[in-house]
1. Quick check on the stretch 164-178. Is at least one of its residues over 28 Å from residue 380 (Cα atoms) and buried (at least 18 other Cβ atoms within 10 Å of the Cβ)?
2. Restricting attention to the stretch 1-10, report how many residues are farther than 18 Å from residue 343 by Cα and either modelled with pLDDT of 95 or more or in a helix (DSSP H, G or I) (or both).
3. For the stretch 36-57, give me the residue count where each residue is touching a strand residue (DSSP E or B) at 6+ places or on another chain (Cβ under 6 Å) and either closer than 17 Å to residue 221 by Cβ or surrounded by fewer than 16 Cβ atoms within 10 Å (Cβ to Cβ) (or both).
4. Looking only at the stretch 351-393, count how many residues are crowded, with 24+ Cβ neighbours inside 10 Å and either assigned by TED's automatic domain parsing to the domain that holds residue 27 or free of Cβ contacts under 8 Å to residues at least 12 places away in the same chain (or both).
5. Looking only at residues in the stretch 164-186 that are touching a strand residue (DSSP E or B) at 6+ places or on another chain (Cβ under 7 Å) and within 9 Å of the ligand (Cβ to nearest atom), which one is nearest to residue 298 (Cα to Cα)?
6. What pairs can you find where one residue is in the stretch 257-275 and not assigned by TED's automatic domain parsing to the domain that holds residue 242, the other is part of a strand (DSSP E or B), and their Cβ atoms are less than 7 Å apart, with a gap of 6+ or different chains?
7. Considering the stretch 286-305 alone, what residues qualify as being under 17 Å from residue 352 (Cα atoms) and within 22 Å of the chain's Cα centre (by Cα)?
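The values are calculated or read from the model by the stated rules, or taken from the named source; none is laboratory data. All of these numbers come straight from a predicted model, not from anything done at the bench. Glycine also receives a Cβ, built like all others from the backbone with ideal geometry; neighbour counts cover every protein chain displayed.
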Ligand code: SF4
């Protein structure tokens, strides 16, 4: 069998970094390069959960471009794929689908079964995220339940993007890697029902169906773009707090409630906590101060780097350090023109942030940077696989050095068990 350069690189890195399972390397490689699907691979009789475009596009191509090519069938691609077996005898490994018609990774039927292939060689058996038991339940408003309350992480997480826009507007404010506002526009243009502000009544009704029909989901994420002014007559804390309180009041502790919002002062964090939010994600995106200023100009202007990091630390006094889990966009510190030029330098910078937070008991997490064509960062190459391998290695070592527990609200950790699908950080713990 011919060994492709991608296969060779994965095997070489797995050899150099024995603490990182090969599954995690393949997952990161598929996440950074995206994946494509053959036409017959999407004709699955049992059905599957399609991509719900839960917040960003997370694609390396626009819907319009995809719709104009012979690849248009991929507009119905699944949300997540689980790999296993194959020549590397992979343990089950779940990744989130990022469409890329140019990707070397192709899902197709091989001898009648779904497989992930590379240059025509089958690398792993594949299966798609099944249709959740509650999908198709009617809502009184006429909205689709998957539009209001989609699930991710193989059913573990109900993802509620309550506000599908961000009030950081335009190039001088929007995070340069983020396509939330443009994605909203492209979804509307494509004629999809894409709700800008989700109504509390729809959310509670959808969750009632989920409570009745589903046993898999364990956590809820409440999120949306930044609210710098007012939305429905409320500031950002009050806007999200209304949903958290109502969910907590109606469903108690049926789900762990997580909030991905801005970095607030302690008194605002306390209000969120009192409303039922257990886990707080004040995402700092990138550790390096200069890159933060360039890549997150809205966060810098409205809150500022120093305040953002201080508020993360202060919030641990409210939620408990293990329940403060700020995200960074792994790989964006290698974007051009200002990013680091080598994987080693990029990871050395990010490692300082990991050390800073983990020494205080706070465990950041990361998602895999997806160079989306509608974001302000244009014509970007994804970060290298070497970068992700080094990052996973440093992440794991730092967490172990400080003896931190696995993060709550993410399901099981470890090879073959992790369900978090947008990076392999849970697969290596
Ligand atoms: S704060 Fe930044 S990353 Fe978050 S939605 Fe707004 S622009 Fe995107």
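1. no
2. 3
3. 3
4. So the count comes out to 0.
5. In this case the residue turns out to be 175.
6. Matching pairs, first to second residue: none at all.
7. 286, 287, 288, 291, 292
To keep it simple, each residue is scored yes or no on (1) under 28 Å from residue 382 (Cβ atoms); (2) at pLDDT 95 or above; (3) within 16 Å of the ligand (Cβ to nearest atom).
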position: 105; (1), (2), (3): yes, yes, no
position: 112; (1), (2), (3): no, no, no
position: 121; (1), (2), (3): yes, no, no
position: 125; (1), (2), (3): yes, yes, no
position: 157; (1), (2), (3): yes, yes, no
